Amino acid sequence: MVGAKMAAPAAASIRERQTVALKRMLNFNETHVKNSTGEPVWKVLIYDRFGQDIISPLLSVKELRDMGITLHLLLHSDRDPIPDVPAVYFVMPTEENIDRMCQDLRNQLYESYYLNFISAISRSKLEDIANAALAASAVTQVAKVFDQYLNFITLEDDMFVLCNQNKELVSYRAINRPDITDTEVETVMDTIVDSLFCFFVTLGAVPIIRCSRGTAAEMVAVKLDKKLRENLRDARNSLFTGDTLGAGQFSFQRPLLVLVDRNIDLATPLHHTWTYQALVHDVLDFHLNRVNLEESSGVENSPAGARPKRKNKKSYDLTPVDKFWQKHKGSPFPEVAESVQQELESYRAQEDEVKRLKSIMGLEGEDEGAISMLSDNTAKLTSAVSSLPELLEKKRLIDLHTNVATAVLEHIKTRKLDVYFECEEKIMSKTTLDKSLLDIISDPDAGTPEDKMRLFLIYYISTQQAPSEADLEQYKKALTDAGCDLNPLQYIKQWKAFAKMASAPASYGNTTTKPMGLLSRVMNTGSQFVMEGVKNLVLKQQNLPVTRILDNLMEMKSNPETDDYRYFDPKMLRGSDSSVPRNKNPFQEAIVFVVGGGNYIEYQNLVDYIKGKQGKHILYGCSELFNATQFIKQLSQLGQK
C-alpha cells in the first residue's frame, strides 16, 4: 500500500499538479510507460462519478486516448469482460464501490487491475479487497493499489471546489440547518477536511492556517490542523517528506490558508454580476467548466399551427486552452461583446483564405472531421496550408463565444440585469439610488421574481438600519405580488438578528460603477450583438469582504476585522491556541477557502486584487460552487423551518 505521490517537478499551478498526478496514475503510476514500439500501453479506465468529475475538467477524451485509454466506463455500468487488457480504476473507497470491484475480480473481467482510490482507503476495506482477490484466485492480477489523495476538483489554475456529487452533504444549508446534530456536523467537517488534506498533499505544502472564531470555518481549521499534524508526526508514512516539499512552488515560504465562513458575506452570492464568467454561471447552465445551451430552432418559417421545433441542446467546454476565454472571462460583458465582434471581423478577413486553401486541397464540401484527419498530412502540403487547422480552430472558438455571449445577452436584455447590477452595487456601497427599490420590485418588465428577491435580500443584508415593520410589510406585499417566494427572507431575518449580535455587517467599500454611455462601436448595425438599452457599466476595483480579509492576513495588516483570527501551524510541535502569528512577514502565496460555498464573483475579485501584487499567488477554493439560483433555493429551504 503506497501513497502515490512522487516528487513532481516544480509545477506552476494546482491544475498542473493534479493533471500530472492523473497522468501518472493512467501510466500505472510510473512516470512514463510505453512499449518497445513507442506506443502507449492500451488499457481501460474505470471510474465512479467522483472520478469522472475530477478527470473531466482536466483531461479531454483525446488526451485520454493519447495515454492509451481505449475505453472509459463508469464502475456501476454493465461492463463486458475484456480479458487481455489491464484496467485502471479511479474511485472513492466506498462500500458499494469496493463490492463492485470485488465482483469484477470474481468475474475476471480484465487482465490486471490497478486500483487507485481518490481518497485514502481504510485498512478494513483493503482487507475486503484482498479477501476477494484470494477467493477469486486473482491475487497476481491485482497489480497495484494506490491512495491518490486527489479528492477535489480543479476548475482553473487558481480555483478548486471540493466535490460535485454529494454536494448537498457539505452545502451551506447542511452546515446551517437549525436541527443539525453533532454527529452530522462531524461528518460534514470530516468530508471537507479530507478533501482539503488531499489538496495540500497534491500541492506538496503544509500551510499556516488562519480562521475566524466561532464559525464552521474554525471547526474545519481545528480538524485540518490535527490531520496534517498526525501525518507529519508519522515520519515513515508522511506524505509531506523531503522530495515533494522542496519541489513545489513553495520552496521558500509556506502558503497561508485562510478559512472563511460563508456567513461573513451573504450578499455577494446573491449579487447580479457583470463579468463574463460570473454571468455565464449566473444565467446559463454552467457546470464543471461546461456550459449547456438550449438553441431554439425557430418557428417562423413553419406552417401555421405547427408545433415549435424541439430545442437543440448544445454543450461547450470553456477551458484554459481557449485563449479568448482566458483573456476575457473576467471582463465586463460589453467589452466581451465587442471583442467577439472584433475576432469575428478579423476572421472574416481570413475566411477567403480558408476557402482558397480548402479548394487547393480539394476539400470544398468536406466536414471538419475529414479536415482534422488531413491535418496530419498538412506538413507534406505547402506551408500556406498549415494554417488551415489553426484558422478552423479560431472559427470554432468564435462561434462558441458568439453563441454563449448571445445567450447571456438575451438574459441581460429580457431581465434588465444591468439595472439590477447597478442598483445592487449602489446598495452595497451605500450610495443613494436613482429609483426606489419598490419601483423596481413592482416593475413587471424588470427581471424574474427571483431577480427581485435577490435585490431585496441584498438591500436587507446591507442596510445598517433594518426597515421598519410597516416598510417591511409594504416590501413583502410588493414581492408577493411579483410572485416571489418569501422563505429566503425568513431565513435572512433570523440570520441577520444572529449576525448582529456577533458583529457589524460587512462593508463593501464605497465605490460605484460609472455608466460610460452606451457602447458606440457595438451599436453599429453590423454587430452580432444589439446592445441597445444595455448600460455599458465599467467596474472599479473594490475588494469584497473575502478579499479584504485575505489582504489583512496576507499582508499582516492589523485590522479589528481579522485581529482575533486563530493561528495554526501544523509543523509546530505543540499546538498553541493563539491568534498571535509567529511569522511577521507578508505571505507570497495564499489559499482562500470558503466553508459553505463560493462563487465566481469572489474568485474574480481575488484575481483582480492579486494582479496588482507583484510575484504573489492566490488560490480560491470552496466547499461547493453555487450560483444565485442555487443559493436562493438553499436559503428558501432554511426559511421553511
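The values are calculated or read from the model by the stated rules, or taken from the named source; none is laboratory data. Nothing here was measured: the structure is a model prediction, and the numbers come from that model. Glycine also receives a Cβ, built like all others from the backbone with ideal geometry; neighbour counts cover every protein chain displayed. When the accessible area is computed, the model is the full protein with side chains, heavy atoms only, and any ligands, DNA or RNA have been set aside. Shrake-Rupley method; radii C 1.70, N 1.55, O 1.52, S 1.80 Å.
Conditions (1) open to solvent by 10 Å² or more (accessible area, probe 1.4 Å); (2) within 23 Å of ILE55 (Cβ to Cβ); (3) not assigned by the TED database to the domain that holds ASP563, marked per residue:
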position: ASP158; (1), (2), (3): yes, yes, no
position: TYR172; (1), (2), (3): no, no, no
position: ILE192; (1), (2), (3): no, yes, no
position: PHE200; (1), (2), (3): no, yes, no
position: ILE209; (1), (2), (3): no, no, no
position: ALA216; (1), (2), (3): yes, no, no
position: ALA221; (1), (2), (3): no, no, no
position: LYS227; (1), (2), (3): yes, no, no
position: ASN231; (1), (2), (3): yes, no, no
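Can you find even one residue in the range 112-123 that is buried (at least 21 other Cβ atoms within 10 Å of the Cβ), of a type in the set (S, T, N, Q) and closer than 23 Å to PHE199 by Cβ? For the range 112-123, residues buried (at least 21 other Cβ atoms within 10 Å of the Cβ), of a type in the set (S, T, N, Q) and closer than 23 Å to PHE199 by Cβ: present. The residues of the range 460-491 include none that are among the aromatic types (Phe, Trp, Tyr) and open to solvent by 50 Å² or more (accessible area, probe 1.4 Å). The residue of the range 88-103 that is nearest to CYS163 (Cα to Cα), among those that are in contact (Cβ under 8 Å) with a residue 40 or more places away in the chain and not hydroxyl-bearing (Ser, Thr, Tyr), is MET92. Determine whether the range 216-225 contains at least one residue that is among the acidic types (Asp, Glu) and under 20 Å from VAL595 (Cβ atoms). Scanning the range 216-225 turns up at least one residue that is among the acidic types (Asp, Glu) and under 20 Å from VAL595 (Cβ atoms).
For the range 51-84, the tally of residues that are touching a residue at least 12 places away in the same chain (Cβ under 8 Å), open to solvent by 50 Å² or more (accessible area, probe 1.4 Å) and in a helix (DSSP H, G or I) stands at 2. Residues that are modelled with pLDDT of 85 or more, within 30 Å of VAL607 (Cα to Cα) and open to solvent by 40 Å² or more (accessible area, probe 1.4 Å) are absent from the range 379-392.
Residue-level check: of (1) at pLDDT 95 or above; (2) assigned to a loop (DSSP other than H, G, I, E, B), GLY214 misses just (1).
Evaluate the following for SER429: is it modelled with pLDDT under 90, buried (at least 17 other Cβ atoms within 10 Å of the Cβ), in the same structural domain as ALA478 (by the TED database) and not hydrophobic (A, V, I, L, M, F, W, C)? Walk me through it before giving the result.
Working: modelled with pLDDT under 90: yes; buried (at least 17 other Cβ atoms within 10 Å of the Cβ): yes; in the same structural domain as ALA478 (by the TED database): yes; not hydrophobic (A, V, I, L, M, F, W, C): yes.
So SER429 passes the test.
Which members of the range 393-402 meet the condition of being surrounded by 17 or more Cβ atoms within 10 Å (Cβ to Cβ) and either of a type in the set (A, V, I, L, M) or modelled with pLDDT of 90 or more (or both)? Passing the criteria: LEU397, ILE398, LEU400, HIS401, THR402. ILE129 meets the conditions (1) open to solvent by 20 Å² or more (accessible area, probe 1.4 Å); (2) touching a residue at least 12 places away in the same chain (Cβ under 8 Å); (3) part of a helix (DSSP H, G or I) in every case but one. The failed one is (1). Here the range 398-435 is the region considered, the condition is being small (Gly, Ala, Ser) and in a helix (DSSP H, G or I), and the residue that is farthest from ARG348 (Cα to Cα) is ALA407.
Every test in (1) hydroxyl-bearing (Ser, Thr, Tyr); (2) open to solvent by less than 50 Å² (accessible area, probe 1.4 Å); (3) assigned to a helix (DSSP H, G or I) is passed by TYR149 save one, and that test is (3).
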